[in-house]
Amino acid sequence: MAVKPPFTDVDINTQDSGFYEGYSLPIALISKISMVVLVLWALIWPLGAGTALSSWNASLLNGFNGFYVIAVGCFAVFLFAIALIPATGKRLLGQPGDTPEFSNFSWFAMMFGAGLGVGLMTFATAEPVGLWGSNPLTVDGSVTPNTEEALTGAYRYTFAHYGFHAWAIYVVTGLSLAYYAYTRGMPLTIRTALTPLIGKWANSPLGHLIDVLGVVATILGVSVTIGFGVAQFVDGVYQVTGMAWLQDTTGDAPAPSTVGLLVGLAIIMGLSIVSAVSGVGRGVKYLSNLNLVLSVILLLTFVIFGSFLFAMTTYATAFADYVFNFLSLSFGAHSPQDMASFTAALPEAASALSAEDLSALYASASGNPWGSFASFSEGAPAAAQGLGEETLTAIYAAGTEGRLFSWQAGWTTFYWAWWIAFSPFVGLFLARISRGRTVREFVLGAVIAPSLVCWAWMTILGGTAIDLELSGVADGAIIAASNSAKLFVTMEAMLPDALYGILVVMCVILIMTFLVTSADSGILVMNTIMSGGAEETGVFHRIIWGVIMMLLIGTLLVAGGGGLSALRNAMIIGALPFCIIMVGMMLSLAKAMWNDHRRDKAGVAVDAGQAQPAE
C-alpha cells in the first residue's frame with residue numbers, strides 16, 4: 001500500500017481582535033468557566049465540596065488505580081525502546097542540519113528546574129523518611145518499619161517515584177509535542193500530538209476538548225505543587241519568626257494553619273503574577289538562576305555536615321535494587337479487596353465473630369496501610385482479641401492485599417497523577433528547549449540524567465535524616481514532624497545553631513523562588529495552549545489566570561475542613577482524562593515513527609510548515 005504524507009493541517013482559529021485577540025475563544029472560555037465553577041463550588045459549599053471530592057477520588061481509584069500504574073510503566077518501557085531502536089533513536093527533532101539551541105549543561109539545568117523544583121525541597125527528606133516507615137515491604141509484614149532492614153523498601157520506592165517512571169511521564173508529552181512541531185512544523189499544542197490517530201478531527205470540537213483537558217490538568221498539577229510548597233514556606237517562616245498564628249497544634253504534629261496557608265499563598269501568587277507579567281526573559285530567567293545557586297549551597301551543606309558516606313552507600317545499593325525491580329515496579333498494580341475476599345481468607349477460628357466485629361476488622365486490616373499490627377491488635381474488638389495473637393496475626397494477614405492497594409493508591413498513584421497533571425506544563429517546556437536533538441538524546445538526557453540527580457538529592461538529604469534517626473541524634477523528632485517541617489527539623493539536628501538560622505532563611509527564600517517560578521511558568525504555559533501554541537501572550541490574561549489559580553488553591557485549601565486533601569483529590573480526578581490522552585500520545589507517536597520510517601524507505605518527503613491533508 002502506498003504511504004501518504006502525514007496529516008499536518010492543524011488550524012486553530014484565534015480571535016483577530018477584542019479582549020481575546022490571539023486566543024482560541026472556545027479553549028479560553030471553557031477552561032476559565034470550568035475553573036471558576038470549581039472555585040465557586042468550593043467557596044460556597046466548602047464542606048460538601050471536600051466530601052464529594054473525597055468520595056469521587058475513592059471511587060476513581062477503585063476502578064482506575066491499575067490503569068494509572070500500568071500506563072506509567074508502559075510510558076517508561078516505550079521510551080527506552082524507541083531510544084534504543086536505531087531507526088527511531090536517530091531521528092532528529094527538527095529539519096536536517098538543525099543543531100541544539102542550548103548547550104548540554106544549559107539544557108539540563110532548565111529541564112531539571114522545570115521538572116521538579118519545589119517538589120525536591122518538600123520531599124527530599126519527607127519522601128525517604130515517610131517510606132522508611134511505610135512501604136509495601138512493611139505493609140505486608142516482611143520488615144519492621146524504621147529499621148535498617150526497612151531502608152531497602154524505602155529507597156526502592158523513593159527511586160521509583162522520582163526516577164525513570166516520573167521523568168518518562170514528562171518525556172512522553174514533551175517528545176510528542178517536539179516531534180510534530182519540529183519535524184512537521186505543526187502548532188506546539190496538545191491536540192497536535194494526537195493527529196496520527198484523530199487526523200482532521202483535530203480541527204473539530206474534539207481538538208478543543210483535548211487542549212482544554214491539557215489546561216485543566218496543568219492548573220491542577222501546578223496547584224498541588226504550590227499547595228505543598230506553600231505549606232513548607234509557612235513552616236519555614238514560622239521557624240524564622242516564631243509567629244504562633246502560622247501553626248495549627250491541634251493534630252498529632254504541628255502543621256501550617258489554614259490562615260497561614262492563605263497568607264503564604266497570597267504572597268507567592270502575588271509575586272508569581274508580577275514575574276509572569278515580566279515574561280520568560282526577565283522574571284523566570286533571573287529566578288531560575290537564583291534557584292540554582294541556592295540549591296547548590298543547600299546540597300553542599302548536607303554534603304559537608306550531613307551523612308554523606310551513608311548517603312552514597314545507600315545510593316549505590318538502592319540504584320541496583322531499583323533496576324532489578326524495574327519491571328515489577330512498572331506493572332505491579334494492586335486491586336481493592338472486598339469484604340467477601342477478606343472473609344474467605346480468614347482463619348477458621350474467626351468464623352464465630354459477629355458481622356459487626358468482622359466489618360471492623362476488615363476496615364482496619366485491609367484499609368489502613370499507615371498503621372501496624374500492634375495498632376491493629378490494640379484496636380481490635382474484644383471478641384477478636386480473645387482469640388489469641390496467632391489468630392489476630394492471621395486475620396491481619398488476610399487483609400494484606402487491601403492494605404497494599406490502599407498504600408499504592410495513596411502514595412504511588414498519587415505521584416503518577418501529580419506528574420501526569422504536571423506533564424503538559426513540563427512537556428511543553430521540554431519541547432521548546434529541545435529542537436535539534438535526536439530522539440535518543442532527548443529520551444536518555446531527559447529521563448536518565450535528571451533521575452540520577454533527583455536520587456542524589458533524596459539520598460543526601462533523606463539519608464542524612466534517616467541516619468540521624470538511626471543513630472539516635474534526632475530521637476524521633478524527624479519522624480514525628482509534618483512533611484513540610486521535616487527538612488527544617490533535620491537541619492536543626494544536623495547544624496550548629498548559628499548556621500541553622502542562616503540556612504533556614506536561605507531555604508525560605510529558595511522555596512519562595514521555586515514556588516514563584518513554578519506558578520509563573522504554569523501561567524505562561526496555560527496561555528500558550530489557549531493561544532494555539534503562541535509563545536507571546538497577553539499580559540492581562542496572565543494576570544487573570546494568576547488570580548484564578550490563587551482563588552482555586554485557596555478555596556480548595558479551605559474545602560473539607562482545611563488542609564491539602566481536597567486539592568490532592570481534585571488533582572487525581574482531573575489527571576485521569578489527561579492520562580488517557582497520554583496513552584493516545586504514545587500510540588500516536590509509535591504510529592507516526594513507523595509511518596515516517598516507511599516514508600523514508602519509499603522516498604516520500606515531509607516538508608515542515610507545509611500543511612498536508614492526509615495521514
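The values are calculated or read from the model by the stated rules, or taken from the named source; none is laboratory data. Quantities reported herein were computed from a predicted structural model and do not represent experimental measurements. Because the Cβ atoms are built from the backbone with ideal geometry, glycine has one as well, and the counts that use them run over all protein chains shown. Surface areas here come from the heavy atoms of the whole protein model, side chains and all, with no ligands, DNA or RNA. Shrake-Rupley method; radii C 1.70, N 1.55, O 1.52, S 1.80 Å.
In percent, what relative contact order does the stretch 1-140 have, based on Cα pairs under 8 Å that are 6 or more apart in sequence? Don't skip to the end; give the middle numbers.
Numbers: 21 pairs, mean separation 8.0, N = 140.
Once divided by the residue count of the stretch 1-140, the mean separation gives 6 percent.
Sort Cys74, Cys454 from largest to smallest accessible area, using a 1.4 Å probe on the heavy atoms of the protein chains. Mind dumping the intermediate values first?
Values: Cys74 50, Cys454 0 Å².
From most exposed to least exposed: Cys74, Cys454.
Extending each Cα 7 Å along its Cβ direction at Val240 and Leu29, get the distance between those two points in nm, one decimal.
In this crude label model, Val240 to Leu29 measures out at 4.5 nm.
Evaluate the relative contact order of the stretch 467-528 (contact order divided by residue number), counting alpha-carbon pairs under 8 angstrom at least 6 apart; express in whole percent. Let's see the in-between values first.
Details: 20 pairs, mean separation 12.8, N = 62.
Relative contact order for the stretch 467-528 comes out at 21 percent.
Using only C-alpha positions, report the orientation-averaged shadow area of the convex hull of the stretch 1-90, nm², one decimal.
On the way: hull surface 47.1 nm².
In nm², the orientation-averaged hull projection of the stretch 1-90 is 11.8.
Got a number for the accessible area of Glu441? Probe 1.4 Å, square angstrom, nearest 10.
The accessible area of Glu441 comes to roughly 70 Å².
What accessible area per residue comes out for the chain, rounded to a whole number of Å², with a 1.4 Å probe?
On the way: 23320 Å² over 615 residues.
Per-residue accessible area for the chain comes out at 38 Å².
D for the stretch 198-264, whole µm²/s, Stokes-Einstein with Kirkwood Rh over alpha-carbon pairs at 37 °C and 0.692 mPa s: what number? All intermediate terms of the calculation are to be shown ahead of the outcome.
Working: Rh = 14.5 Å.
Estimated diffusion coefficient is 227 µm²/s.
Over 5 Å intervals from 0, what percent of Cα-Cα pairs in the stretch 394-458 sits in each interval?
Pair shares across the bins are 3, 13, 13, 18, 16, 11, 8, 7, 5, 3, 2, 0.
Please state the relative contact order of the chain as a whole percent: Cα pairs under 8 Å, 6+ residues apart?
On the way: 963 pairs, mean separation 227.7, N = 615.
Relative contact order, the chain: 37 percent.
Working out 0.36 nm times the residue gap between Ile543 and Asp475, then minus their Cα-Cα distance, what length gain in nm do you get to one decimal?
On the way: separation 68, 0.36 × 68 = 24.48 nm, distance 4.69 nm.
Computed gain between Ile543 and Asp475 is 19.8 nm.
Rounded if a/c is under 1.5, else prolate if a/b is larger than b/c, else oblate: which is the stretch 476-576, with a ≥ b ≥ c the root eigenvalues of its Cα gyration tensor?
Details: a/c = 3.05, a/b = 1.69, b/c = 1.80.
It is oblate, given that a/c is not under 1.5 and a/b is not larger than b/c.
Per residue of the chain, what 222 nm ellipticity follows from adding -39500 (n - 2.57) for every DSSP H run with n ≥ 4, rounded to the nearest 500?
Details: 29 runs with 432 residues, N = 615.
Using -39500 (n - 2.57) per qualifying helix, the result is -23000 deg cm²/dmol.
Would you mind giving the three semi-axes, in whole Å and largest first, of the ellipsoid equivalent to the stretch 100-221 according to its Cα gyration tensor? Kindly include the intermediate steps, with their values, before the conclusion.
Numbers: eigenvalues 291, 70, 31 Å².
Taking √(5λ) for each Cα gyration eigenvalue gives 38, 19, 12 Å.
Computing the accessible area with a 1.4 Å probe over protein heavy atoms, can you report the carbon and sulfur percentage for the chain?
Working: 15110 of 23320 Å².
That fraction is 65 percent.
I'd like the projected area of the stretch 420-553, averaged over all directions, using the convex hull of its alpha carbons. Report it in nm² with one decimal.
Values: hull surface 45.3 nm².
Over every viewing direction, the Cα hull of the stretch 420-553 projects on average to 11.3 nm².
Heavy atoms only, 1.4 Å probe, whole protein assembly: order Val36, Val439 by accessible area, highest first. Walk me through the numbers before you get to the answer.
Working: Val36 60, Val439 0 Å².
Reading off the accessible areas and sorting them downward yields Val36, Val439.
Please compute the Kirkwood hydrodynamic radius of the stretch 1-159 from all pairs of different C-alpha atoms, in Å with one decimal. Before the final figure, lay out each step's value.
Numbers: mean 1/r = 0.0450 Å⁻¹.
Hydrodynamic radius (Kirkwood, Cα pairs) of the stretch 1-159 is 22.2 Å.
Keeping all protein chains in place and using 1.4 angstrom, which order do Lys486, Lys601, Lys4 fall into by accessible surface area, from largest down?
On the way: Lys486 10, Lys601 160, Lys4 110 Å².
The most accessible residue leads, giving Lys601, Lys4, Lys486.
Mind running the shape call on the chain? Use the C-alpha gyration tensor, a ≥ b ≥ c as the square roots of the eigenvalues: rounded below 1.5 for a/c, prolate if a/b tops b/c, oblate otherwise.
Prolate shape, in that a/c is at least 1.5 and a/b is the bigger ratio.
Going Cα to Cα from Lys591, which aspartates and glutamates come in below 19 Å? Please leave out same-chain ones fewer than 8 positions away.
Cross-link targets: Asp9, Asp600, Asp607, Glu615.
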